[in-house]
Amino acid sequence: MQPEWIMGLIGGLVIGVAGAVYLLGNGRIMGASGIIGGLVDGSGRGGNTERAAFVAGLFGAPLIATLFIGTPDTHVSTNLAVLVAAGLLVGIGTRIANGCTSGHGVCGISRLSFRGMIATVFYILAGGLVMVLFRHVLGVV
Amino acid sequence: MRNLLAVVAGSLFGIGLMISGMTDTSRVQGWLDLFGQWDPTLAFVMGGAILPMMVAWRLTRRGRPLAGGTFPPPPLPEIDRKLVIGSVLFGAGWGLGGLCPGPAVASLSYGGVGGLTFLVAMLVGMWVAPPLRSRLDSAVPAE
């Protein structure tokens, strides 16, 4: 028994309950890139307070949790060029694809959305190829 | 009511990401890295998250959302190149940085300068994306 698997499963269930609250409560799909992107590019229209409330919880709850359980390690890269490139790719890619790991992945797959499944296959393939190239060939991540 | 539910959902999402280890970039990259020390955690997180969501989607077949309005329409069937190109770009960035949008915000308070750099770049990317998206739309040849 590996404890990190169990924590992954428990954390995953909490994420799924979060998505269920957002769907059954507000009638919305819990997609992080859509919620944040709508605030950034102004496409959120009337739903901006609701989006901001979601983002406030997403940022604030882990912040409060660190006071009780300490600060988890993020192992974020120290290479700023890599981080800027990664951030730009994630921002542009999720908005062009209209979804990320939460929207296409969790919310899409759970309703057997073909688009969600195809998106998930492509972002995992691309991520896997990047690991091969940038970790094993170039050694930068 | 809507804002309260949004705070609750966002908070649960953040806590779930944090305790599952998904704000740790080495876990995400370890899962994507099939040829290194493969880390299976992400599959458990995905599986765990999909279970409650399957129940929730089933419950949307009748009634209305608690805070009013309507449930989302059925998923679109068509696969366009925005979906594929966007997902490939996203996946490349996800592998490079080990972060996707949810964890980037959730770990902002403890991710240091690196986490903040990623988040700012991601917001810039989201801000410049709409014209790129419409260009992909208009460049589609008639089929």
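The values are calculated or read from the model by the stated rules, or taken from the named source; none is laboratory data. These numbers were taken from a predicted model, which means no experiment stands behind them. A quick note on method: Cβ atoms are made from the backbone with ideal geometry, for glycine too, and the neighbour counts reach across all protein chains shown.
So A:LEU133 clears everything in (1) at the interface with another protein chain (Cβ under 7 Å from one of its Cβ atoms); (2) more than 16 Å from B:ALA43 (Cβ to Cβ); (3) surrounded by fewer than 19 Cβ atoms within 10 Å (Cβ to Cβ); (4) not small (Gly, Ala, Ser) except one condition, right? Which one?
In the conditions (1) at the interface with another protein chain (Cβ under 7 Å from one of its Cβ atoms); (2) more than 16 Å from B:ALA43 (Cβ to Cβ); (3) surrounded by fewer than 19 Cβ atoms within 10 Å (Cβ to Cβ); (4) not small (Gly, Ala, Ser), A:LEU133 misses (1) alone.
Does B:GLY97 satisfy the condition of being farther than 20 Å from A:PHE59 by Cα, facing another protein chain (nearest Cβ under 7 Å), surrounded by 14 or more Cβ atoms within 10 Å (Cβ to Cβ) and modelled with pLDDT of 95 or more? Give the derivation first.
Values: farther than 20 Å from A:PHE59 by Cα: no; facing another protein chain (nearest Cβ under 7 Å): yes; surrounded by 14 or more Cβ atoms within 10 Å (Cβ to Cβ): yes; modelled with pLDDT of 95 or more: yes.
Criteria not met by B:GLY97.
Select, from B:LEU119, B:LEU51, B:LEU89, the only residue that is under 16 Å from the mean Cα position of the chain (by Cα), within 30 Å of A:THR66 (Cα to Cα) and of a type outside the set (Ser, Thr, Tyr).
Numbers: B:LEU51 fails: under 16 Å from the mean Cα position of the chain (by Cα); B:LEU89 fails: within 30 Å of A:THR66 (Cα to Cα).
Of the residues listed, the single one that is under 16 Å from the mean Cα position of the chain (by Cα), within 30 Å of A:THR66 (Cα to Cα) and of a type outside the set (Ser, Thr, Tyr) is B:LEU119.
Would you confirm whether or not segment B:42-50 contains a residue that is closer than 22 Å to A:ARG135 by Cα and either part of a helix (DSSP H, G or I) or not β-branched (Val, Ile, Thr) (or both)?
yes
Can you find a residue that is under 27 Å from A:VAL84 (Cβ atoms), among the aliphatic types (A, V, I, L, M) and surrounded by fewer than 16 Cβ atoms within 10 Å (Cβ to Cβ) anywhere in segment B:32-40?
yes
From B:LEU4, B:LEU17, B:LEU12, grab the single residue that is in contact with a Pro (Cβ under 8 Å, 6 or more places away or on another chain) and within 25 Å of A:GLY47 (Cα to Cα). Walk me through how you get there before you give the answer.
Values: B:LEU4 fails: in contact with a Pro (Cβ under 8 Å, 6 or more places away or on another chain); B:LEU12 fails: in contact with a Pro (Cβ under 8 Å, 6 or more places away or on another chain).
Being in contact with a Pro (Cβ under 8 Å, 6 or more places away or on another chain) and within 25 Å of A:GLY47 (Cα to Cα) holds for just one of B:LEU4, B:LEU17, B:LEU12, which is B:LEU17.
Just need a number here: residues in segment B:29-38 that are facing chain A (nearest Cβ under 8 Å) and of a type outside the set (S, T, N, Q). Break it down stepwise before answering.
First, pick out the residues of segment B:29-38 that are facing chain A (nearest Cβ under 8 Å): B:29, B:32-36.
So of that shortlist, the ones also of a type outside the set (S, T, N, Q) come out as B:32-36.
Matching residues across segment B:29-38 total 5.
Which ones in segment A:66-75 are in contact with an Asp or Glu (Cβ under 9 Å, 6 or more places away or on another chain) and either closer than 15 Å to B:VAL120 by Cα or modelled with pLDDT under 95 (or both)?
Across segment A:66-75, the qualifying residues are A:PRO72, A:ASP73.
Looking at B:GLY102, B:GLY91, B:GLY95, can you tell me which residue is of a type in the set (Gly, Ala, Ser), without any contact (Cβ under 8 Å) to a residue 24 or more places away in the chain, in contact with a helix residue (DSSP H, G or I) (Cβ under 6 Å, 6 or more places away or on another chain) and part of a helix (DSSP H, G or I)? It would help to see each step written out before you state the result.
On the way: B:GLY102 fails: without any contact (Cβ under 8 Å) to a residue 24 or more places away in the chain; B:GLY95 fails: without any contact (Cβ under 8 Å) to a residue 24 or more places away in the chain.
Answer to the selection: B:GLY91.
With the requirement that a residue be part of a helix (DSSP H, G or I) and touching a helix residue (DSSP H, G or I) at 6+ places or on another chain (Cβ under 6 Å), what does segment A:118-141 give you? Full working, then the answer.
We begin by selecting, within segment A:118-141, every residue part of a helix (DSSP H, G or I); these are A:118-137.
The answer is A:ALA119, A:THR120, A:PHE122, A:TYR123, A:ALA126, A:GLY127, A:GLY128, A:VAL130, A:MET131.
Tell me which of these A:THR94 doesn't satisfy, since it passes every other one: (1) more than 7 Å from chain B (Cβ to nearest Cβ); (2) touching a residue at least 40 places away in the same chain (Cβ under 8 Å); (3) over 19 Å from B:ALA9 (Cα atoms).
(1)
Got a sec? Which of B:GLY10, B:GLY47 is within 7 Å of chain A (Cβ to nearest Cβ), buried (at least 21 other Cβ atoms within 10 Å of the Cβ) and of a type outside the set (Phe, Trp, Tyr)? First the steps, then the outcome.
Numbers: B:GLY47 fails: buried (at least 21 other Cβ atoms within 10 Å of the Cβ).
Residue meeting the stated conditions: B:GLY10.
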